[in-house]
């Protein structure tokens with residue numbers, strides 16, 4: 001009785017499978033994969049006799065950790081070649097009862113800890129001067145004063161139960177502490193400095209440590225305050241936002257301050273930057289220039305004339321800043337692209353091949369700026385990109401026009417009633433719902449509707465990436481369906497990409513080394529459905545799957 005598949009909230013559960021193998025007195029090996037984690041459980045006539053998960057967990061610690069995993073991929077192989085050290089075994093009844101007890105206990109503890117996820121652990125006592133266990137040392141190695149608590153817990157590899165126990169002990173022993181995300185707000189207008197800082201200060205995980213009125217003031221305060229994130233206005237006197245960003249990213253602004261302003265600092269400091277753009281219906285050219293120069297994302301200044309409430313705008317600003325605080329700035333680089341003087345004239349033809357791409361503003365815009373201009377113009381497919389937290393269709397148009405100048409492919413915003421054409425990239429904001437179908441001439445088309453016009457119940461269930469993917473899967477006109485998961489955050493897309501793989505499609509996720517924001521691609525990777533590739537290699541994988549147009 002060999003089997004393989006997926007487990008998770010919308011799939012079968014590991015508990016049900018263990019019960020089935022126990023009732024059938026099965027002998028074999030259960031292999032589990034969830035993201036970076038892999039584990040095995042060996043069964044002898046229905047009893048678990050050995051288990052291992054990662055590098056540190058064995059037997060009961062391993063199996064109860066695996067039972068607590070939310071989703072992933074499994075494979076069960078019937079074999080008599082199992083590991084049985086004789087030191088531990090458990091029936092399926094014992095596993096299920098104890099697993100449920102531990103899961104209830106850990107869920108209670110996690111509810112308290114989740115409130116602290118955005119805080120950043122730091123070491124208060126020198127570990128070399130105190131006695132710590134081997135597992136505590138592993139946990140402390142990830143405490144670098146930059147990663148937030150959520151990342152440390154997720155990456156420590158100590159299992160769902162053990163990591164909570166170790167964290168609680170280290171915190172109560174005052175070996176580690178928790179601090180807020182430190183933010184420097186830069187704007188030449190006092191009113192906007194106050195508005196933005198007040199919005200950020202309402203979040204329990206944020207601390208506004210300084211205000212700066214221009215680029216010179218910001219560079220001077222960077223060294224002293226060492227913020228985790230800087231929010232940067234672009235239009236300022238003395239030194240504007242673009243020049244401030246470039247000087248900070250170059251690391252040589254100490255020379256600028258000394259030579260031109262007679263300001264001496266001991267050393268320079270860099271931090272992630274989020275651009276604050278003026279209230280506008282379009283994405284400003286300066287914002288796009290800043291993204292190319294190393295800014296990680298942008299937010300629009302709060303306003304009462306946009307569809308979102310002030311509370312929704314506050315949450316979006318907080319989410320963007322939090323995502324930026326967790327970016328490893330060593331991976332950020334200035335993006336260099338060349339303008340395309342002429343595009344190849346591909347014969348007008350609707351396509352039966354679709355590439356569905358998911359991304360977010362923080363990290364995702366940077367990835368798209370590098371990926372789309374690298375794809376050949378003769379691509380025999382259409383690409384539909386959903387940027388789940390992009391502000392509006394007008395912003396999508398501005399971003400599409402920018403990409404179109406540097407790409408062999410045609411790039412445009414996804415608008416109502418368009419025929420889906422090969423060699424074309426469509427950009428859609430997360431506020432729009434995309435559905436695919438056919439017109440009277442049997443052309444493949446897509447329709448667009450704004451979710452804000454839905455009734456309340458439909459709004460609450462709206463997930464722009466999943467809805468787009470599910471529609472693509474159901475559309476019979478598509479003979480090839482490919483998924484791309486670029487840098488971003490949030491769980492949207494997990495259901496749709498899983499169903500795409502089940503229906504024979506392939507999914508490629510951007511690797512953590514080239515991704516500035518790893519949450520979205522890692523959440524898909526956790527399910528074991530995506531091939532992890534670098535941004536540089538993604539183009540070749542796309543072309544291999546869909547091919548090029550031939551005349």
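The values are calculated or read from the model by the stated rules, or taken from the named source; none is laboratory data. Note that the coordinates shown come from a computational prediction; the quantities given were computed from them, not determined experimentally. In this analysis, Cβ positions are derived from the backbone assuming ideal geometry, glycine residues included, and neighbour counts consider all displayed protein chains.
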Hey, among 43, 7, which residue is modelled with pLDDT of 90 or more, in contact with a helix residue (DSSP H, G or I) (Cβ under 8 Å, 6 or more places away or on another chain) and buried (at least 21 other Cβ atoms within 10 Å of the Cβ)?
-> 43
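For (1) at pLDDT 95 or above; (2) part of a helix (DSSP H, G or I); (3) over 21 Å from residue 239 (Cβ atoms), each residue gets a yes or a no:
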{"site": "109", "(1), (2), (3)": "no, yes, yes"}
{"site": "113", "(1), (2), (3)": "no, yes, yes"}
{"site": "116", "(1), (2), (3)": "no, no, yes"}
{"site": "158", "(1), (2), (3)": "no, no, yes"}
{"site": "162", "(1), (2), (3)": "no, yes, yes"}
{"site": "182", "(1), (2), (3)": "yes, no, yes"}
{"site": "191", "(1), (2), (3)": "no, yes, no"}
{"site": "195", "(1), (2), (3)": "no, yes, yes"}
Starting from region 196-224, keep only residues that are more than 30 Å from residue 266 (Cα to Cα), then list their pairs with residues that are crowded, with 21+ Cβ neighbours inside 10 Å and at pLDDT below 95 whose Cβ atoms are within a distance under 6 Å, requiring at least 6 positions of separation or different chains.
-> 199/317
Counting only residues that are part of a helix (DSSP H, G or I) and at pLDDT 90 or above, how many does region 136-155 have?
-> 11
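Before we move on, is residue 56 under 16 Å from residue 92 (Cβ atoms) and either in contact with a helix residue (DSSP H, G or I) (Cβ under 7 Å, 6 or more places away or on another chain) or crowded, with 18+ Cβ neighbours inside 10 Å (or both)?
no
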Going by the conditions given, is residue 338 outside the structural domain of residue 482 (by TED's automatic domain parsing) and either over 30 Å from residue 207 (Cα atoms) or in contact with a strand residue (DSSP E or B) (Cβ under 6 Å, 6 or more places away or on another chain) (or both)?
-> yes
Scan region 261-273 and give yes if some residue there is within 18 Å of residue 211 (Cα to Cα) and not in a loop (DSSP other than H, G, I, E, B), otherwise no.
-> yes
Please verify whether region 105-117 includes one or more residues that are in contact (Cβ under 8 Å) with a residue 24 or more places away in the chain and touching a strand residue (DSSP E or B) at 6+ places or on another chain (Cβ under 8 Å).
-> yes
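This table checks each residue for (1) in contact with a strand residue (DSSP E or B) (Cβ under 7 Å, 6 or more places away or on another chain); (2) under 14 Å from residue 276 (Cα atoms); (3) buried (at least 19 other Cβ atoms within 10 Å of the Cβ).
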site	(1), (2), (3)
168	no, no, no
176	yes, no, yes
179	yes, no, no
189	no, yes, no
193	yes, yes, yes
196	yes, yes, yes
212	yes, yes, yes
225	yes, no, no
232	yes, yes, yes
Please specify each residue of region 14-32 satisfying the condition of being in contact with a strand residue (DSSP E or B) (Cβ under 7 Å, 6 or more places away or on another chain) and not in a helix (DSSP H, G or I).
-> 26, 27, 28, 29, 30, 31, 32
Residues of region 219-230 being outside any loop (DSSP other than H, G, I, E, B) and out of contact with any helix residue (DSSP H, G or I) (no Cβ under 6 Å at 6 or more places or on another chain), in sequence order, are 220, 221, 222, 223, 224, 225, 230
Scan of region 198-210 for residues that are crowded, with 19+ Cβ neighbours inside 10 Å and assigned to a helix (DSSP H, G or I), ordered by number = 199, 200
Qualifying position, being closer than 19 Å to residue 370 by Cβ and touching a strand residue (DSSP E or B) at 6+ places or on another chain (Cβ under 9 Å), among 396, 414 = 396
Please specify each residue of region 119-147 satisfying the condition of being under 15 Å from residue 168 (Cα atoms), touching a residue at least 60 places away in the same chain (Cβ under 8 Å) and in contact with a strand residue (DSSP E or B) (Cβ under 8 Å, 6 or more places away or on another chain).
-> 119, 120
Report the residue count in region 504-528 for those that are at negative phi and touching a strand residue (DSSP E or B) at 6+ places or on another chain (Cβ under 7 Å).
-> 13
A careful count of residues in region 503-551 that are part of a helix (DSSP H, G or I) and either in contact with a helix residue (DSSP H, G or I) (Cβ under 9 Å, 6 or more places away or on another chain) or at pLDDT 90 or above (or both) gives 18
Which helices (runs of 4 or more DSSP H) sit wholly inside region 393-483 and have at least 1 residues that are modelled with pLDDT of 90 or more?
-> 393-405, 464-474
How about region 94-131: which of its residues are over 29 Å from residue 146 (Cα atoms) and loosely packed, with under 12 Cβ neighbours inside 10 Å?
-> 101, 104
